[in-house]
Amino acid sequence: MDKANKVSRKDQILQALARMLEAAPGERITTAALAREVGVSEAALYRHFPSKARMFEGLIKFIEETLFARITRILNEEASAEVRCQNILLLLLTFCDKNPGMTRLLTGDALAGETERLRERIAQFFSRLESQLKQILREAQIRENLKTTISTAALANILLASCEGRLLQFVRSEFKVSPLQDWDTQWQYLSKNMLVPYSAPAAESIS
């Protein structure tokens, strides 16, 4: 029973932290303010998390587990490289649209003045995501005879960079400009110009 209560309190702290990140864009969250939001003392916070950095890590872990579990499902359910990439990027944008506070973590906006370890954790998250896109594209070159207009590494990077830019705009607008705005149109452009199924040129006729 005590263990169940402890887990529940940890979840309450993380949920409160996510709410505060959303409610106060651009502001630095203090443990004193977080304790007031949760309705406990600062000492009580530190009984569950030894530092504020560990609280942020708890949110980052939630982001990682949520997104990569769904990415695994996408890979199991979809065969087409184009659909896989589309669904993975849409997943990232939709998650951030629904979780503005956590988007501040992914863009680094909430990590100013925090430990370097947190920024490295975010960098690792995006590196892992980019590697997944790159692997999808490389496999498709063999399985689907896919020919991309640029290298798979460069393509994976620009696809992810397009999404990261939308997340930055979302945070900069204080969550007024959705990262999903016009994304369908932009994806059509990206896929049409960068994901090109290969077909051999027709042989010239001999007159």
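The values are calculated or read from the model by the stated rules, or taken from the named source; none is laboratory data. Since this is a predicted model, take the numbers as computed values, not measurements. In this analysis, Cβ positions are derived from the backbone assuming ideal geometry, glycine residues included, and neighbour counts consider all displayed protein chains.
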Residue that is modelled with the highest pLDDT [pool: residues in region 98-132 that are more than 13 Å from P25 (Cα to Cα) and not in a helix (DSSP H, G or I)]
T115
Applying the selection to region 146-167, what residues are out of contact with any strand residue (DSSP E or B) (no Cβ under 7 Å at 6 or more places or on another chain) and over 18 Å from I88 (Cα atoms)?
I150, S151
Select from region 163-184 the residues that are over 17 Å from L105 (Cβ atoms) and of a type in the set (D, E) and list them in ascending order.
D182, D184
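Which residue, of L93, L45, L75, is buried (at least 19 other Cβ atoms within 10 Å of the Cβ), assigned to a helix (DSSP H, G or I), under 20 Å from the mean Cα position of the chain (by Cα) and among the hydrophobic types (A, V, I, L, M, F, W, C)?
The conditions single out L93.
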With respect to T72, determine if the residue is within 17 Å of Q124 (Cα to Cα) and among the hydroxyl-bearing types (S, T, Y).
no
Looking only at residues that are outside any helix (DSSP H, G or I), at pLDDT 90 or above and small (G, A, S) in region 1-42, which one is nearest to M102 (Cα to Cα)?
G39
Of the criteria (1) at pLDDT 95 or above; (2) in contact with a Cys (Cβ under 8 Å, 6 or more places away or on another chain), which one L195 fails
(1)
Residue pairs, Cβ under 6 Å, 6 or more apart or interchain, first in region 11-25 and over 19 Å from H48 (Cα atoms), second part of a helix (DSSP H, G or I). List them.
L21/G101; L21/R104; L21/A110; E22/P100; E22/G101
As an exercise: evaluate V83 against (1) of a type in the set (V, I, T); (2) within 27 Å of L59 (Cα to Cα); (3) without any contact (Cβ under 8 Å) to a residue 40 or more places away in the chain and give the number of the one condition it does not meet.
(2)
Report the residue count in region 33-42 for those that are within 28 Å of the chain's Cα centre (by Cα) and among the polar types (S, T, N, Q).
0
Among (1) surrounded by fewer than 18 Cβ atoms within 10 Å (Cβ to Cβ); (2) out of contact with any Pro (no Cβ under 6 Å at 6 or more places or on another chain); (3) not in a helix (DSSP H, G or I) - the single one E174 does not satisfy:
(2)
Being surrounded by fewer than 21 Cβ atoms within 10 Å (Cβ to Cβ), closer than 23 Å to A23 by Cβ, of a type outside the set (D, E, K, R) and in contact (Cβ under 8 Å) with a residue 24 or more places away in the chain is the requirement here; does L106 meet it?
no
Look at S178 and say whether it is among the hydroxyl-bearing types (S, T, Y) and touching a residue at least 24 places away in the same chain (Cβ under 8 Å).
yes
